[in-house]
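Take a look at the structure set out below.
The values are calculated or read from the model by the stated rules, or taken from the named source; none is laboratory data. If you're wondering where the values come from, they're calculated on a predicted model, not measured in any experiment. All Cβ positions, glycine included, derive from the backbone under ideal geometry; neighbour counts span all protein chains shown.
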Amino acid sequence: EPLRLDVVTIFPDYLRVLDLSLIGRAATDGLLDLHVHDLRDWTHDRHRTVDDTPIGGGAGMVMKPDVWGAALDDVLSSALPTGPMDAAAGADAASPAAEPIAARPNEPRRVLVIPTPSGDLFTQRTAEDLAGADQLVFACGRYEGIDARVAEHYAARGVEVHEASIGDYVLNGGEAAALVMIEAIARLRPGVLGNPESIVEESHTGVGLLEYPVYTRPVAWRGRDLAATQPVLLSGDHARIARHRRDQAIARTAERRPDLIARADPALLDVGDRVA
Ligand code: 6GU
(Lines give C-alpha, C1' and ligand atoms only; values in the text may rest on other atoms or scores of the structure.)
Protein backbone atom coordinates (compact mmCIF):
# COMPACT_ATOMS: atom_id res chain seq x y z
CA GLU A 1 0.00 0.00 0.00
CA PRO A 2 1.37 3.43 -0.89
CA LEU A 3 2.16 6.02 1.77
CA ARG A 4 -0.43 8.76 1.40
CA LEU A 5 1.16 12.22 1.65
CA ASP A 6 -0.87 15.43 1.85
CA VAL A 7 0.71 18.86 2.02
CA VAL A 8 -1.44 21.90 2.82
CA THR A 9 0.23 25.23 2.03
CA ILE A 10 -0.43 28.71 0.65
CA PHE A 11 2.45 28.05 -1.80
CA PRO A 12 1.54 24.79 -3.59
CA ASP A 13 4.04 25.59 -6.36
CA TYR A 14 6.85 25.41 -3.81
CA LEU A 15 6.16 21.69 -3.44
CA ARG A 16 6.33 20.96 -7.19
CA VAL A 17 9.92 19.78 -6.88
CA LEU A 18 8.43 16.68 -5.26
CA ASP A 19 7.33 15.62 -8.74
CA LEU A 20 11.01 15.37 -9.72
CA SER A 21 13.69 12.82 -8.85
CA LEU A 22 13.24 10.14 -6.22
CA ILE A 23 9.83 11.18 -4.91
CA GLY A 24 8.18 11.71 -8.29
CA ARG A 25 9.49 8.37 -9.48
CA ALA A 26 8.09 6.67 -6.37
CA ALA A 27 4.71 8.31 -6.96
CA THR A 28 4.73 7.14 -10.58
CA ASP A 29 5.61 3.64 -9.37
CA GLY A 30 2.62 3.68 -7.00
CA LEU A 31 4.75 3.67 -3.83
CA LEU A 32 3.66 7.13 -2.74
CA ASP A 33 0.33 8.89 -3.19
CA LEU A 34 1.15 12.60 -3.10
CA HIS A 35 -1.43 15.39 -2.88
CA VAL A 36 -0.60 19.10 -2.58
CA HIS A 37 -3.44 21.42 -1.51
CA ASP A 38 -3.83 25.20 -1.56
CA LEU A 39 -4.98 26.32 1.89
CA ARG A 40 -6.84 29.25 0.28
CA ASP A 41 -9.28 26.74 -1.26
CA TRP A 42 -10.83 26.57 2.23
CA THR A 43 -11.35 30.35 2.60
CA HIS A 44 -14.74 31.96 1.97
CA ASP A 45 -14.00 35.69 1.86
CA ARG A 46 -13.21 37.76 -1.23
CA HIS A 47 -9.60 38.19 -0.24
CA ARG A 48 -9.08 34.52 0.63
CA THR A 49 -7.71 35.55 4.03
CA VAL A 50 -5.59 32.98 5.89
CA ASP A 51 -4.08 35.13 8.65
CA ASP A 52 -4.90 37.76 11.26
CA THR A 53 -3.15 39.81 13.93
CA PRO A 54 -2.01 38.06 17.14
CA ILE A 55 -4.40 38.14 20.09
CA GLY A 56 -2.52 39.92 22.88
CA GLY A 57 -0.61 42.03 20.38
CA GLY A 58 2.85 41.77 18.93
CA ALA A 59 4.55 41.63 15.57
CA GLY A 60 3.63 39.52 12.57
CA MET A 61 0.52 37.57 11.65
CA VAL A 62 -0.98 34.30 12.83
CA MET A 63 -2.72 31.77 10.61
CA LYS A 64 -6.46 31.44 11.27
CA PRO A 65 -7.74 28.30 13.04
CA ASP A 66 -11.07 28.25 11.17
CA VAL A 67 -9.41 28.02 7.75
CA TRP A 68 -6.93 25.37 8.93
CA GLY A 69 -9.72 23.43 10.65
CA ALA A 70 -11.80 23.28 7.49
CA ALA A 71 -8.79 22.17 5.42
CA LEU A 72 -7.53 19.55 7.86
CA ASP A 73 -11.01 18.09 8.51
CA ASP A 74 -11.22 17.37 4.78
CA VAL A 75 -7.69 16.14 4.25
CA LEU A 76 -7.58 13.94 7.36
CA SER A 77 -10.82 12.21 6.37
CA SER A 78 -9.69 11.33 2.84
CA ALA A 79 -10.19 7.71 1.83
CA LEU A 80 -7.27 5.38 2.42
CA PRO A 81 -6.81 1.76 1.40
CA THR A 82 -8.09 -0.40 4.26
CA GLY A 83 -5.82 -3.40 3.73
CA PRO A 84 -7.41 -6.55 5.20
CA MET A 85 -10.98 -5.61 4.16
CA ASP A 86 -10.06 -4.65 0.60
CA ALA A 87 -8.01 -7.78 0.14
CA ALA A 88 -10.73 -10.01 1.59
CA ALA A 89 -13.68 -8.42 -0.22
CA GLY A 90 -13.09 -10.16 -3.55
CA ALA A 91 -12.07 -13.47 -2.06
CA ASP A 92 -15.23 -13.52 0.03
CA ALA A 93 -17.56 -13.83 -2.96
CA ALA A 94 -15.32 -16.16 -4.94
CA SER A 95 -14.46 -18.75 -2.28
CA PRO A 96 -16.29 -20.31 0.66
CA ALA A 97 -15.62 -18.56 3.95
CA ALA A 98 -12.59 -20.58 5.04
CA GLU A 99 -11.66 -18.06 7.69
CA PRO A 100 -13.72 -15.47 9.51
CA ILE A 101 -13.03 -11.95 8.33
CA ALA A 102 -12.67 -9.16 10.86
CA ALA A 103 -15.77 -6.98 10.98
CA ARG A 104 -13.61 -3.83 10.67
CA PRO A 105 -10.17 -3.41 9.20
CA ASN A 106 -7.42 -1.90 11.34
CA GLU A 107 -7.65 1.87 11.53
CA PRO A 108 -5.02 3.47 9.33
CA ARG A 109 -2.29 5.42 11.15
CA ARG A 110 -2.71 9.08 10.22
CA VAL A 111 -0.16 11.64 11.45
CA LEU A 112 -0.57 15.40 11.32
CA VAL A 113 2.91 16.90 10.99
CA ILE A 114 3.22 20.62 11.71
CA PRO A 115 6.63 21.99 10.71
CA THR A 116 7.66 24.70 13.17
CA PRO A 117 10.99 25.90 14.60
CA SER A 118 9.33 25.43 18.02
CA GLY A 119 8.77 21.71 17.47
CA ASP A 120 10.60 18.55 18.52
CA LEU A 121 13.82 18.00 16.59
CA PHE A 122 13.23 15.87 13.49
CA THR A 123 15.92 13.17 13.37
CA GLN A 124 16.59 9.92 11.50
CA ARG A 125 14.65 8.26 14.28
CA THR A 126 11.64 10.49 13.58
CA ALA A 127 11.90 9.64 9.89
CA GLU A 128 11.99 5.91 10.66
CA ASP A 129 8.93 6.22 12.89
CA LEU A 130 6.90 8.31 10.43
CA ALA A 131 7.82 6.00 7.54
CA GLY A 132 5.57 3.43 9.25
CA ALA A 133 2.42 5.57 8.96
CA ASP A 134 -0.39 5.15 6.41
CA GLN A 135 -0.98 8.87 5.92
CA LEU A 136 1.12 11.94 6.68
CA VAL A 137 -0.50 15.37 6.48
CA PHE A 138 1.93 18.30 6.50
CA ALA A 139 0.36 21.58 7.62
CA CYS A 140 2.77 24.25 6.38
CA GLY A 141 2.40 27.56 8.18
CA ARG A 142 3.86 30.88 7.20
CA TYR A 143 4.21 34.15 9.09
CA GLU A 144 4.46 33.63 12.84
CA GLY A 145 2.76 30.25 12.77
CA ILE A 146 -0.65 28.59 13.06
CA ASP A 147 -3.08 29.35 15.92
CA ALA A 148 -1.97 26.86 18.61
CA ARG A 149 -5.51 25.57 19.17
CA VAL A 150 -5.34 23.74 15.82
CA ALA A 151 -2.69 21.27 17.07
CA GLU A 152 -4.54 20.93 20.39
CA HIS A 153 -7.85 20.23 18.67
CA TYR A 154 -6.61 17.38 16.49
CA ALA A 155 -4.56 15.84 19.29
CA ALA A 156 -7.67 15.90 21.53
CA ARG A 157 -9.65 14.26 18.71
CA GLY A 158 -7.20 11.35 18.72
CA VAL A 159 -5.09 12.33 15.72
CA GLU A 160 -1.36 11.76 16.18
CA VAL A 161 0.05 15.31 16.04
CA HIS A 162 3.74 15.93 15.61
CA GLU A 163 5.13 19.49 15.74
CA ALA A 164 8.62 19.14 14.29
CA SER A 165 11.65 21.36 13.63
CA ILE A 166 14.45 20.42 11.23
CA GLY A 167 17.12 22.33 13.14
CA ASP A 168 18.08 25.40 15.10
CA TYR A 169 17.64 28.11 12.48
CA VAL A 170 14.62 30.02 11.24
CA LEU A 171 12.93 29.56 7.87
CA ASN A 172 10.13 31.75 6.53
CA GLY A 173 7.66 28.89 6.52
CA GLY A 174 7.17 25.17 6.83
CA GLU A 175 7.42 24.35 3.13
CA ALA A 176 11.18 23.83 2.86
CA ALA A 177 11.13 21.87 6.13
CA ALA A 178 8.29 19.67 4.84
CA LEU A 179 10.33 18.93 1.69
CA VAL A 180 13.26 17.85 3.87
CA MET A 181 11.10 15.63 6.08
CA ILE A 182 9.26 14.06 3.14
CA GLU A 183 12.53 13.13 1.43
CA ALA A 184 13.97 11.65 4.63
CA ILE A 185 10.79 9.61 5.20
CA ALA A 186 10.00 8.53 1.65
CA ARG A 187 13.43 7.02 0.98
CA LEU A 188 12.86 4.63 3.89
CA ARG A 189 9.72 3.14 2.33
CA PRO A 190 10.20 -0.23 0.64
CA GLY A 191 11.06 0.10 -3.04
CA VAL A 192 11.61 3.88 -3.05
CA LEU A 193 15.39 3.83 -2.79
CA GLY A 194 17.12 2.11 -5.68
CA ASN A 195 19.70 0.39 -3.51
CA PRO A 196 18.46 -0.82 -0.09
CA GLU A 197 22.04 -1.79 0.90
CA SER A 198 22.82 1.86 1.61
CA ILE A 199 19.93 1.96 4.10
CA VAL A 200 21.26 -1.09 5.92
CA GLU A 201 24.70 0.53 6.11
CA GLU A 202 23.14 3.73 7.48
CA SER A 203 21.31 1.91 10.22
CA HIS A 204 24.68 0.50 11.31
CA THR A 205 26.60 3.77 11.26
CA GLY A 206 24.45 6.66 10.05
CA VAL A 207 22.94 7.59 13.39
CA GLY A 208 25.89 6.77 15.64
CA LEU A 209 28.87 8.10 13.71
CA LEU A 210 29.49 10.30 10.69
CA GLU A 211 30.39 8.50 7.46
CA TYR A 212 34.05 7.90 6.59
CA PRO A 213 35.48 9.83 3.59
CA VAL A 214 35.06 8.11 0.22
CA TYR A 215 37.22 8.11 -2.93
CA THR A 216 37.06 6.98 -6.53
CA ARG A 217 39.44 6.94 -9.49
CA PRO A 218 41.89 8.36 -10.38
CA VAL A 219 43.98 7.06 -7.48
CA ALA A 220 46.25 10.12 -7.82
CA TRP A 221 44.52 13.48 -8.42
CA ARG A 222 46.13 16.92 -8.32
CA GLY A 223 49.01 15.68 -6.23
CA ARG A 224 46.81 13.74 -3.78
CA ASP A 225 47.82 10.10 -4.15
CA LEU A 226 45.85 7.52 -2.21
CA ALA A 227 48.59 4.98 -2.85
CA ALA A 228 50.79 7.21 -0.68
CA THR A 229 48.27 8.50 1.89
CA GLN A 230 45.88 5.55 2.35
CA PRO A 231 47.49 2.48 0.77
CA VAL A 232 45.21 0.19 2.83
CA LEU A 233 42.32 1.14 0.51
CA LEU A 234 44.24 -0.43 -2.40
CA SER A 235 45.30 -3.54 -0.45
CA GLY A 236 42.26 -5.69 -1.23
CA ASP A 237 42.19 -6.73 2.46
CA HIS A 238 38.52 -6.10 3.23
CA ALA A 239 38.81 -6.60 6.98
CA ARG A 240 41.67 -4.07 7.22
CA ILE A 241 39.76 -1.67 4.98
CA ALA A 242 36.68 -1.93 7.21
CA ARG A 243 38.77 -1.19 10.33
CA HIS A 244 40.51 1.72 8.61
CA ARG A 245 37.21 3.24 7.57
CA ARG A 246 35.79 2.78 11.05
CA ASP A 247 38.81 4.61 12.50
CA GLN A 248 38.35 7.42 9.97
CA ALA A 249 34.66 7.67 10.89
CA ILE A 250 35.53 7.94 14.60
CA ALA A 251 38.21 10.59 13.97
CA ARG A 252 35.89 12.63 11.76
CA THR A 253 33.03 12.41 14.25
CA ALA A 254 35.26 13.41 17.17
CA GLU A 255 36.41 16.46 15.19
CA ARG A 256 33.08 17.61 13.77
CA ARG A 257 30.43 16.22 16.12
CA PRO A 258 31.85 15.55 19.59
CA ASP A 259 28.23 15.47 20.82
CA LEU A 260 27.71 12.26 18.83
CA ILE A 261 30.80 10.62 20.34
CA ALA A 262 29.46 11.31 23.81
CA ARG A 263 26.22 9.48 22.99
CA ALA A 264 27.58 6.75 20.69
CA ASP A 265 27.13 3.04 21.29
CA PRO A 266 30.47 1.96 22.90
CA ALA A 267 30.56 -0.95 20.42
CA LEU A 268 30.90 1.60 17.59
CA LEU A 269 33.95 3.11 19.26
CA ASP A 270 35.63 -0.16 20.21
CA VAL A 271 39.07 -0.13 18.60
CA GLY A 272 40.28 -3.24 20.45
CA ASP A 273 40.37 -5.23 17.22
CA ARG A 274 42.64 -2.72 15.49
CA VAL A 275 45.89 -4.09 14.09
CA ALA A 276 48.91 -2.61 15.85
CL1 6GU B 1 9.93 23.10 10.63
N2 6GU B 1 9.84 25.69 10.17
C3 6GU B 1 10.39 26.91 10.13
N4 6GU B 1 9.65 27.96 9.73
N5 6GU B 1 11.65 27.16 10.45
C6 6GU B 1 12.37 26.11 10.83
C7 6GU B 1 11.87 24.82 10.88
C8 6GU B 1 10.58 24.64 10.55
N9 6GU B 1 12.83 23.98 11.31
C10 6GU B 1 13.89 24.75 11.50
N11 6GU B 1 13.62 26.03 11.21
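Computed quantities for the displayed model
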| item | result |
| --- | --- |
| Where a residue in the range 161-178 is closer than 14 Å to ASP13 by Cα and more than 8 Å from the ligand (Cβ to nearest atom) and its partner, wherever it lies, is of a type outside the set (S, T, N, Q) and not in a loop (DSSP other than H, G, I, E, B), with Cβ under 7 Å and at least six apart | GLU175/TYR14; GLU175/LEU15 |
| Qualifying residue in the range 35-52 (condition: within 26 Å of ALA131 (Cα to Cα), free of Cβ contacts under 8 Å to residues at least 12 places away in the same chain and not in a loop (DSSP other than H, G, I, E, B)) | no |
| Residue selected from the range 257-276 under the condition over 14 Å from GLY208 (Cβ atoms) and charged (D, E, K, R), by the criterion modelled with the highest pLDDT | ASP273 |
| Residue, nearest to VAL111 (Cα to Cα), within the range 1-51, restricted to residues that are touching a strand residue (DSSP E or B) at 6+ places or on another chain (Cβ under 8 Å) and β-branched (Val, Ile, Thr) | VAL7 |
| Subset of the range 135-172 (residues that are surrounded by fewer than 20 Cβ atoms within 10 Å (Cβ to Cβ) and more than 21 Å from the chain's Cα centre (by Cα)) | TYR143, GLU144, ALA148, ARG149, GLU152, HIS153, ALA156, ARG157, GLY158 |
| Options THR126, THR116: the member that is modelled with pLDDT of 95 or more, within 18 Å of LEU39 (Cβ to Cβ) and among the polar types (S, T, N, Q) | THR116 |
| Only listed residue being of a type in the set (A, V, I, L, M, F, W, C), part of a loop (DSSP other than H, G, I, E, B), more than 16 Å from the ligand (Cβ to nearest atom) and within 29 Å of LEU3 (Cα to Cα), chosen from LEU209, LEU188 | LEU188 |
| Residue within the range 150-159 that is within 16 Å of the ligand (Cβ to nearest atom), under 19 Å from HIS35 (Cβ atoms) and assigned by TED's automatic domain parsing to the domain that holds VAL62 present | no |
| Condition check for ALA131: under 15 Å from the mean Cα position of the chain (by Cα), assigned by TED's automatic domain parsing to the domain that holds ARG40 and within 16 Å of the ligand (Cβ to nearest atom) | no |
| Any pair with Cβ under 9 angstrom, 6 or more apart, that starts in the range 139-157 at a residue that is of a type in the set (Asp, Glu) and ends at one that is crowded, with 21+ Cβ neighbours inside 10 Å | GLU144/MET63; ASP147/MET63; ASP147/TRP68 |
